[in-house]
């Protein structure tokens with residue numbers, strides 16, 4: 001059974017958060033939490049909170065066993081750009097873009113796969 005958790009509008013670049021997402025894709029929840037705990041990137045803490053939320057969703061809503069869960073997909077899409085201006089010389093201004101991203105994490109317990117088949 002699949003369980004999802006979605007986080008929208010995170011104040012983080014999609015490119016930077018994909019670096020952490022690629023490390024945990026396909027791992028069990030226990031291994032992924034261990035990697036995220038000791039990772040020093042900003043996105044690791046955000047993805048860790050989202051993973052804990054997805055585990056809580058799976059346990060509460062679907063009654064899944066936590067030990068069987070693994071990360072089936074983690075998608076990180078670019079969100080809207082917050083546009084700001086910074087004052088420069090001679091009355092000019094520079095545009096500053098602050099990126100956001102959307103993170104969708106899906107957990108799977110492997111119950112839909114038939115045992116004994118390839």
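Each reported figure results from applying straightforward, stated rules to the coordinates on display, with no laboratory input. Because the structure is a prediction, the values reported are computed rather than measured. Every residue, glycine among them, receives a Cβ derived from its backbone with ideal geometry; neighbour counts consider all protein chains shown.
Taking the residues in the range 25-53 that are touching a strand residue (DSSP E or B) at 6+ places or on another chain (Cβ under 9 Å) and over 17 Å from residue 109 (Cβ atoms) as candidates, determine which candidate is surrounded by the fewest Cβ atoms within 10 Å (Cβ to Cβ).
49
Sort through 103, 66 and tell me the only one that's touching a helix residue (DSSP H, G or I) at 6+ places or on another chain (Cβ under 9 Å), closer than 23 Å to residue 46 by Cα and without any contact (Cβ under 8 Å) to a residue 40 or more places away in the chain.
Values: 103 fails: without any contact (Cβ under 8 Å) to a residue 40 or more places away in the chain.
Answer to the check: 66.
So in the range 69-81, with the set limited to residues that are more than 15 Å from the chain's Cα centre (by Cα) and in contact (Cβ under 8 Å) with a residue 40 or more places away in the chain, which one is surrounded by the most Cβ atoms within 10 Å (Cβ to Cβ)? It would help to see each step written out before you state the result.
Residues of the range 69-81 that are more than 15 Å from the chain's Cα centre (by Cα), as a first pass: 69, 80-81.
Going one step further and asking which of them are in contact (Cβ under 8 Å) with a residue 40 or more places away in the chain, we end up with 69, 80.
Details: 69: 23, 80: 12.
Top of the filtered list is 69.
So how many residues does the range 38-48 have that are free of Cβ contacts under 8 Å to residues at least 24 places away in the same chain, out of contact with any helix residue (DSSP H, G or I) (no Cβ under 7 Å at 6 or more places or on another chain) and assigned to a helix (DSSP H, G or I)?
If we filter the range 38-48 for residues that are free of Cβ contacts under 8 Å to residues at least 24 places away in the same chain, which is where we start, we get 38-40, 45, 48.
Checking the rest, the ones that are also out of contact with any helix residue (DSSP H, G or I) (no Cβ under 7 Å at 6 or more places or on another chain) come to 38, 40, 45.
Keeping just the survivors that are assigned to a helix (DSSP H, G or I) gives 45.
Counting residues in the range 38-48 that are free of Cβ contacts under 8 Å to residues at least 24 places away in the same chain, out of contact with any helix residue (DSSP H, G or I) (no Cβ under 7 Å at 6 or more places or on another chain) and assigned to a helix (DSSP H, G or I) gives 1.
Report yes if some residue within the range 54-66 is part of a helix (DSSP H, G or I), within 11 Å of the chain's Cα centre (by Cα) and surrounded by 15 or more Cβ atoms within 10 Å (Cβ to Cβ); otherwise report no. Let's see the steps before the verdict.
Pass one, the range 54-66, residues part of a helix (DSSP H, G or I): 54-61, 66.
Those left that are additionally within 11 Å of the chain's Cα centre (by Cα): 54.
With surrounded by 15 or more Cβ atoms within 10 Å (Cβ to Cβ) added as a condition, the list becomes 54.
Within the range 54-66, one or more residues are part of a helix (DSSP H, G or I), within 11 Å of the chain's Cα centre (by Cα) and surrounded by 15 or more Cβ atoms within 10 Å (Cβ to Cβ).
Any idea which of (1) assigned to a strand (DSSP E or B); (2) in contact (Cβ under 8 Å) with a residue 40 or more places away in the chain is the one residue 97 doesn't satisfy?
(2)
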